[in-house]
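Down below is the structure, laid out as structure tokens.
Coordinate-derived values only; no laboratory data. Everything numeric in this text was worked out from a predicted model, so none of it was measured. Here the Cβ is made from the backbone with ideal geometry for all residues, glycine too, and neighbour counts use every protein chain on show.
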Amino acid sequence: MGEYRNKVRIIAGKYRRRLLAFPDAEGLRPTPDRVRTTLFNWLGHELDGLHCLDLFAGSGALGFEAASRGAQRVVMIERERKAVAALKASRELLAAHEVDIMGGDALSYLKTTRDRFDLIFLDPPFSQDLLPALLPLLPRLLNEGGRVYAEAAKFPPLAGWLVLKEGVAGMVHYALLQKPAPDGAL
């Protein structure tokens, strides 16, 4: 962990105030503390028993924060090898047994997994404009009432998604989304 100069802080929960190191990598930009605080205020401070997916995990800021706040399982997907190594070192440092880390492509994972989740963190590299390709793949992975947190430089049309909350911090647009139930009820 000492080889990385970048650090991100866990805000609350059982891993509160712990610093996690991550490497320099193209497109890797952790969700800022201010935005994470807002997100977890929206979600509720405790995520007891939830199953979470952190696509494009990068520094692991979102996934480790969810684990810290009681998520039962957090699956992190990351393609960058140095970032995967740092995520594994962070998991070891925290003894975060509820976190599964998979090296590989997020799009491939979405197309092949049979896992289902209560909460999906979707924070792809902004330069790749992946939200239009990713959002249609998510509904089959969501449990009833499941939500998606998304970040982007600019959101594509969100037809078919209910925007529960949204905000802007600098150049980061972020939103909490949910698929409406077939009868229109949440």
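Brief remarks on what is shown
- Signed unit charges on C-beta, dipole axis of region 6-178, positive-most listed residue S90, Y149, L131: S90
- Charge tally for S68 (other residues, Cβ to Cβ under 9 Å; Lys, Arg +1; Asp, Glu -1): +3.
- Cα-centre dipole for region 6-178 with unit charges at Cβ (Lys and Arg positive, Asp and Glu negative), debye to 20: 320
- Set of aspartates and glutamates with alpha-carbon distance to K179 below 16 Å, sequence-local pairs under 8 removed: D118, E144, E166
- Selection from N41, A61, S108 lying farthest towards where the dipole of region 19-111 points positive, charges on Cβ: S108
- If you count Lys pairs in region 6-178 whose Cα atoms are under 23 Å apart, skipping same-chain pairs closer than 8 places in sequence, the total is 4.
- Fraction of beta bridges assigned by DSSP in region 6-178 that are antiparallel (%, nearest 5): 50
- For the chain, the longest site-free run once GluC sites (Glu not before Pro) in DSSP loop states with at most 12 other Cβ atoms within 10 Å are removed: 27-186
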